[in-house]
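Engineer: Structure incoming, see below.
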Amino acid sequence: MAAYVLKRLGYALLVGLGITFITFFVSQVIPIDPAVAALGENAREEQIREFRERYGLDKPLLVQYGLYLQRLFRLDLGRSLRTGRPVAEDLKEFFPATLELALSAFLVALLLGLPAGVWAALRQNRPPDLLVRLLALLLGSTPVFFLAILLLDLLHRRLGLLPGPGRLDPFLLPPPRVTGMVSLDALLAGDWAAFRDALAHLVLPAFVLGSASAALLARMVRAAMLEVLSQDYIRTVWAKGLSERQVVLRHALKNAALPVLTLLGGLLGGLLSGAVLTETIFSWPGLGRYVTQSATSLDFPAVMGVTLLVGVVYSLLNLLVDLLYALLDPRIRYA
Amino acid sequence: MKRGFLGLALTVLAAMGLAQDRTQVLVYGGDFTDLITLDPQVVYEFSGVLIADNLYETLVRFEGNDLSTLRPGLAESWKVDRGKEEWILTFKLRKGSRFSTGREVTAKDVVFSFERALALKGPGSFLFTEIAGLKPGATKALDPYTVEVRIPKTASPQSFLSILTFTIGGVVDSEEVQKNAKGGDYGKDFLSSNSAGSGPYRLVRWDRGSQVLLEANPYARVKPKTPRVILRYIQEPAVLRTALESGEVDIAEGLTPEALKAIAANPRFKVLRAETLRLQYLGMNMKAGSPFAHPKVREAVRYAVNQDELIQGLLQGNALKIQTFIPKGLLGYNPATPYAYDPARARKLLAEAGYPQGLEFELLVSTGICGGGVPCPDVAAKLQADMAKAGLRARIRAIANAELLATYRAQNHQMVLAGWSPDFPDPDGNATPWADYDARSLAWRNSYQDEVAAKLARQAALETDPKKRQALYKVLTERVLHQGPYAVLYQPAQPIALSAKVEGFLKNPMMSSPLWLVEKRP
């Protein structure tokens, strides 16, 4: 088991290297000079030359890549061309906001998608099933920006039920930064007013971001459950006279969990890396916005840092999913 | 024990008071994503300058929208002497100005700040080194309240004084900064997200991508009318509008023209049109072999742009019609607009230049937003339609702004739609780049080599008598208007929406905003 985990971590490292290689060379194909992009229209020739020297942009390509790898082994992701700060610092600043939002959205997806899928499977082709399928189709196909603006207008502007964009009411004092996740930080500081407000601020963006995943999950759970429910042993369990609750929770769900688990790993990864629109609309200072700004200003150290981080997180999530398989299915063993 | 509890209770009460009295907190919403540092000697981005202006004081400053009269800042008086080799500027500091650390501002801090600007070589440092010719060691403290600065005779003392109003001339607490310096960085890391100035506010915290919190500097000479300011990042215009309407922000910058129209009609809000010094223009490359090398073709282009329709239609009036290259608000502004839209006349000029069938060329535009908040391709489409009637057939090529700049800098364009803002509030901030080929700026990019214009620009830069200077700029702007490679289109205004409760808000043409003057009525 330990050997297997180590081997997989080694693979993750290779994946990371591959990612840096591809992003680095893609960055060189773009016919725009990052120095000009960073310094703007009024920049002097000397400033541009100095900028190139400072960031090593004047060196040959392979040398630049070699230097990058060298620094990487010391966990130094280089300096952002746009912010002038170490990329690692920037990631530390922006990743917690994304993590907070992604985990909340994941929770939304689980809480909505899982029960809805089970319910629909148990009532196949009856009104509950049709309702779930219709909702899943609607939520899964509504563009994020549309849903976000619609809900903001309705629940925030017109009804005033939920707060608007941002992570905290601007008139509240933000809690001291510990984890960078405002809700958790407020909790740690024991600041209940800020905690409540931070949670309220999370509801809309988490729902908007998580809704498509919830829809996908509901359909997946439904399909997996239908397959399990039609099997002989389930009929036997029913025949034993167990209640629906016992049938579902004790016997069916566990067997339907394997394909769903695969999906969950991918979903969480997607939520972590695919929140650009949600973050923009809700003024959420996360990785998605950071990387779009970096990309538009050709800030490749930053783009590579984010890509690497997301790649590593994906690899780790996959590993986690594989390990959970073994936990759920005693037939699976890793050696 | 008891006292500790009382103290705690008071702190909690104070915090609750702050959290609740909304008239004491001003919230400014907009796209602040360009913010990368708040260090006065390094900052060069719009948002950074806006904030740093409220954290630091300069020796001299401009007041309100008037960029032609210098007023006392940290210096209560100053004089300019003509030395043998150099200009000698002497500043008398006023007593009793204090940093947010409580220390008094002295000549030593001014010297440190200026040397710091030279050592850090930030993006704005060329203002000191190239425009003013300032050298390390040229700034001296004669006594705790007197500073002497020497700049070469070739530099313009007027330009230097204007530059000193900019954040790069902001005075930092030298002791506080040196205490926090790391490995010879002059405290650059520290000041990028902390403040050590004598301005009306001090920086409390900056949550990147989310908000910036300012609080009244307890020692400041100037007490702000609103003790707390929050700048909130809101990028999406529709969301910004919602935030303004629901009272979550008091000031909103970056709304669409349609949203502004609706807001202006609502008595709970008002719209302010801040003047800018930006110019939107067409640049024509005059290099040998190009059709635009012929003066009559350039003349034809100037008759073929319909400025009035562009400004009233597309820009919804958010711009000023201008044809000369010094924007309104600076000394030397020339209101002449001799070119009216006249396609027939343009056609005739083209025929005289040897293009009776008209002319086809490429018009380079950015895919981004042009002055006045309108997408550049939309501006280009309007120009294309108007010019087509005169036989000037433009093929529009829309590319990313960075790529456009690279092409423009390499002189690889035929015609380009571009914007320009002066680096400092002085006519020379435009005159040299637009008229002097050797400055390797706009004149060079458009292959406009005119010795007479270049000489006029140099002469005007050094002239200290405002009247004579104005006369020189009149001659220069007229000359470039008729002979140069430009067709200036408009000077955009920047509309900002405010809650009607907000009084005293102002944004000057250099995009700085004295937030300490803003008051919020209940």
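Engineer: Above 54 angstrom, tally the Cα pairs of the protein assembly as shown and express them as a % of all pairs, no decimals.
Structural biologist: Details: 75068 of 366796 pairs.
Above the 54 Å cut-off, the protein assembly as shown has 20 percent of its Cα pairs.
Engineer: Right, here's the next one. Could you give me the ³J(HN,Hα) list for the stretch A:177-184, computed from phi with Karplus coefficients 6.51, -1.76, 1.60 and θ = phi - 60°, whole Hz, x at Gly and Pro?
Structural biologist: 7, 10, 8, x, 8, 4, 4, 5
Engineer: Can you pull the accessible area of B:S246 for me, 1.4 Å probe, Å² to the nearest 10?
Structural biologist: Taking all protein chains as shown, B:S246 has close to 50 Å².
Engineer: Using Cα atoms only, what is the angle between the long axis of helix A:45-54 and the major principal axis of chain A, expressed in degrees (0 to 90) to the nearest 10?
Structural biologist: Approximately 60 degrees, to the nearest 10.
Engineer: Something else now. Choose one of A:Q70, A:Q47, A:P60: the residue whose Cα lies farthest towards the positive end of the charge dipole of the stretch A:32-76 (beta-carbon charges +1 Lys, Arg; -1 Asp, Glu; about the Cα centre).
Structural biologist: Farthest towards the positive end: A:Q70.
Engineer: Treating cross-link reach as a plain straight distance, find the lysines whose alpha-carbon is under 19 Å from the alpha-carbon of A:K254, omitting any fewer than eight places away in the same chain.
Structural biologist: Output for A:K254: A:K240.
Engineer: Shifting gears a bit: Which of B:K328/B:K501; B:K79/B:K135; B:K153/B:K182 have a Cα-Cα distance over 26 Å? Please list the in-between numbers first.
Structural biologist: Values: B:K328/B:K501 30 Å; B:K79/B:K135 20 Å; B:K153/B:K182 36 Å.
Result: B:K328/B:K501; B:K153/B:K182 exceed 26 Å.
Engineer: Using amide H atoms built in the peptide plane, which far-off residues or other-chain residues are under 5 Å from B:L93 H to H?
Structural biologist: Excluding prolines and chain starts, which carry no amide H, the hits are B:E76, B:T146, B:V147.
Engineer: Right, something else. Once you have the Kirkwood Rh of the stretch A:208-290 from its Cα pairs, apply Stokes-Einstein at 20 °C and 1.002 mPa s and quote D in µm²/s. All intermediate terms of the calculation are to be shown ahead of the outcome.
Structural biologist: On the way: Rh = 14.9 Å.
Answer, rounded: 144 µm²/s.
Engineer: What's the whole-number percent of alpha carbon pairs in the stretch B:279-492 lying beyond 28 angstrom?
Structural biologist: Summing the P(r) tail past 28 Å for the stretch B:279-492 gives 23 percent.
Engineer: Another question, if that's okay. Antiparallel DSSP bridges in chain B: what percent, to the nearest 5?
Structural biologist: Looking only at bridges with both residues in chain B, the antiparallel portion is about 75 percent.
Engineer: Moving on. What list of ³J(HN,Hα) values in whole Hz, one per residue of the stretch B:326-341 in order, does the Karplus curve 6.51 cos²θ - 1.76 cosθ + 1.60 (θ = phi - 60°) give from phi, with Gly and Pro shown as x?
Structural biologist: 9, x, 4, x, 10, 4, x, 4, 10, x, 4, 10, x, 9, 10, 4
Engineer: Based solely on its DSSP helices, what 222 nm [θ] is calculated for chain B when runs of n ≥ 4 H residues each add -39,500 (n - 2.57) and the sum is averaged over all residues, nearest 500 deg cm²/dmol? Provide the component values of the computation, followed by the final result.
Structural biologist: Details: 16 runs with 162 residues, N = 522.
Rounded to the nearest 500, it is -9000 deg cm²/dmol.
Engineer: Explain nothing, just the number: dipole magnitude of the stretch A:172-325 about its Cα centre with +1 on each Lys and Arg Cβ and -1 on each Asp and Glu Cβ, in debye rounded to the nearest 20.
Structural biologist: On the way: 10 positive and 9 negative charges, 112 e Å.
Here the stretch A:172-325 has a charge dipole of around 540 debye.
Engineer: Right, next: Per-residue ellipticity at 222 nm for chain A, helices alone: DSSP H runs ≥ 4 residues times -39500 (n - 2.57), over residue total, nearest 500 deg cm²/dmol? Spell out each step's value before the answer.
Structural biologist: On the way: 14 runs with 236 residues, N = 335.
Counting only the DSSP helices, I get -23500 deg cm²/dmol.
Engineer: What does DSSP give for the protein assembly as shown in terms of the percent of beta bridges that are antiparallel, rounded to the nearest 5?
Structural biologist: Values: 60 of 79 bridges.
Bridges in the protein assembly as shown are about 75 percent antiparallel.
Engineer: Also, I was wondering about something else. How big is D for chain B, in µm² s⁻¹ as a whole number, if Stokes-Einstein is applied with the Kirkwood radius of its Cα pairs at 10 °C and 1.306 mPa s?
Structural biologist: 64 µm²/s
Engineer: Right, something else. Quick one: dipole size for the stretch B:279-492, taken about the Cα centre, charges +1 on Lys/Arg Cβ and -1 on Asp/Glu Cβ, in debye to the nearest 20.
Structural biologist: 320 debye
Engineer: What base-10 log of the normalised intensity I(q)/I(0) is obtained for the stretch A:32-76 from the Debye formula, alpha carbons as equal point scatterers, at q = 0.13, 0.25, 0.28, 0.30 Å⁻¹?
Structural biologist: Evaluating at q = 0.13, 0.25, 0.28, 0.30 Å⁻¹ gives log10 I(q)/I(0) of -0.35, -0.87, -0.95, -1.01.
Engineer: Quote the relative contact order of chain B in percent (integer), defining contacts as alpha-carbon pairs under 8 Å separated by 6+ residues.
Structural biologist: Working: 1136 pairs, mean separation 98.6, N = 522.
So the answer I get is 19 percent.
Engineer: Which order do B:R409, B:R345, B:R98, A:R196 take by accessible area at a 1.4 Å probe, largest first?
Structural biologist: These residues rank, largest area first, as A:R196, B:R345, B:R98, B:R409.
Engineer: May I ask you to find the residues of the stretch B:177-222 that are shielded by at least 20 Å² of accessible area once the whole protein assembly is considered instead of their isolated chain (probe 1.4 Å)?
Structural biologist: Residues shielded by partner chains are B:R205, B:R208, B:G209, B:S210, B:Q211.
Engineer: Under the classification rounded if a/c is under 1.5, otherwise prolate if a/b is larger than b/c and oblate if not, where does the stretch B:38-91 fall, given a ≥ b ≥ c as square roots of the Cα gyration tensor eigenvalues? Walk me through the numbers on the way to the answer.
Structural biologist: On the way: a/c = 2.44, a/b = 1.76, b/c = 1.38.
The shape class here is prolate.
Engineer: Give me the residues in the stretch A:160-209 whose solvent-accessible area, probe 1.4 Å, is reduced by at least 40 Å² once all protein chains are included instead of the chain isolated.
Structural biologist: Residues meeting the cut-off: A:P165, A:P170, A:F171, A:L173, A:P174.
Engineer: Residues of the stretch B:260-321: accessible area per residue at 1.4 Å, in Å²? Numbers along the way, then the final one.
Structural biologist: On the way: 2510 Å² over 62 residues.
Per residue, the stretch B:260-321 has an accessible area of 41 Å².
Engineer: Only bridges whose two residues both fall in the stretch B:279-492 count here: according to DSSP, what percent of them are antiparallel, nearest 5?
Structural biologist: 60 percent
Engineer: Once the convex hull of the alpha carbons of the stretch B:413-467 is built, what does its volume come to per residue, in cubic angstrom?
Structural biologist: 91 Å³
Engineer: Right, something else. Only Lys, Arg, Asp and Glu count, each charged at its Cβ (+1, +1, -1, -1), so figure out the dipole size of the protein assembly as shown about its Cα centre, rounded to 20 debye.
Structural biologist: Charge dipole of the protein assembly as shown: 940 debye, to the nearest 20.
Engineer: Convex hull volume of the Cα atoms in the stretch B:380-522, per residue, in Å³?
Structural biologist: Dividing the Cα hull volume of the stretch B:380-522 by its residues yields 177 Å³.
Engineer: Further question: With an 8 Å cut-off on Cα pairs and a minimum separation of 6 or more residues, tell me the relative contact order of chain A in percent. Before the final figure, lay out the partial values.
Structural biologist: Working: 389 pairs, mean separation 93.8, N = 335.
Computed value for chain A: 28 percent relative contact order.
Engineer: Then there is this: At a Cα cut-off below 27 Å, give the lysines reachable from A:K59, other chains included and same-chain residues fewer than 8 away excluded.
Structural biologist: Once the sequence-local lysines are set aside, what remains near A:K59 is B:K121, B:K188.
Engineer: Given a cut-off of 24 Å, what percent of all Cα-Cα pairs of the stretch B:60-175 lie beyond it?
Structural biologist: 20 percent
Engineer: Using the Kirkwood radius over C-alpha pairs as Rh, can you work out the diffusion coefficient of chain A via Stokes-Einstein at 37 °C, viscosity 0.692 mPa s, in µm² per second?
Structural biologist: The estimated diffusion coefficient comes to 144 µm²/s.
Engineer: Once Lys and Arg get +1 and Asp and Glu get -1 on their Cβ, which of B:S156, B:L70, B:W87 lies farthest toward the positive end of the dipole of the stretch B:60-175?
Structural biologist: B:W87
Engineer: Amide H of B:N334 versus every other amide H placed in the peptide plane: which residues, excluding those fewer than 5 positions away on the same chain, fall under 5 Å?
Structural biologist: B:I326
Engineer: Just to be sure I understand: if you take the accessible area of chain A alone plus chain B alone and subtract the pair, with a 1.4 Å probe, what total do you get in Å², rounded to 100? Walk me through the numbers before you get to the answer.
Structural biologist: Numbers: alone 18580 and 22090 Å², together 36770 Å².
About 3900 Å² of accessible surface is lost on pairing.
Engineer: Percent of accessible area on the protein assembly as shown owned by carbon and sulfur, 1.4 Å probe?
Structural biologist: About 60 percent, which is the carbon plus sulfur part of the accessible surface.
Engineer: If you don't mind, there's one more thing I want to ask. Just how far, in whole angstrom, is the stretch B:340-370 from the stretch A:160-208 if you go by their alpha carbon centroids?
Structural biologist: Cα centroid of the stretch A:160-208 versus Cα centroid of the stretch B:340-370: 56 Å apart.
Engineer: Report B:C370's accessible area, 1.4 Å probe, all protein chains in place, as a number in Å² to the nearest 10.
Structural biologist: In the full protein context, B:C370 sits at about 10 Å².
Engineer: Still on this structure, please answer the following. Under a 1.4 Å probe, what is the accessible area of the stretch B:60-175 per residue, stated in Å²?
Structural biologist: Using a 1.4 Å probe on heavy atoms only, each residue of the stretch B:60-175 averages 38 Å².
Engineer: Solvent-accessible area of B:D308, probe 1.4 Å, all protein chains present, reported in Å² to the nearest ten, please.
Structural biologist: Per-residue accessible area (B:D308): approximately 80 Å².
Engineer: Follow-up. Over the stretch A:1-121, calculate the relative contact order: mean separation of alpha carbon pairs under 8 Å at least 6 apart, over the residue count, as a percent.
Structural biologist: The value is 12 percent.
Engineer: Compute the Rg/Rh shape ratio of the stretch A:68-114: radius of gyration over Kirkwood radius, all on alpha-carbon atoms.
Structural biologist: Details: Rg = 15.9 Å, Rh = 12.7 Å.
Computed over Cα atoms, the ratio is 1.25.
The values are calculated or read from the model by the stated rules, or taken from the named source; none is laboratory data. Owing to the predicted nature of the structure, the values given are computational and were not obtained by experimental measurement. A quick note on method: Cβ atoms are made from the backbone with ideal geometry, for glycine too, and the neighbour counts reach across all protein chains shown. The protein model used for the area step is the full one, side chains on, heavy atoms only, and it has no ligands, DNA or RNA in it. Shrake-Rupley method; radii C 1.70, N 1.55, O 1.52, S 1.80 Å.
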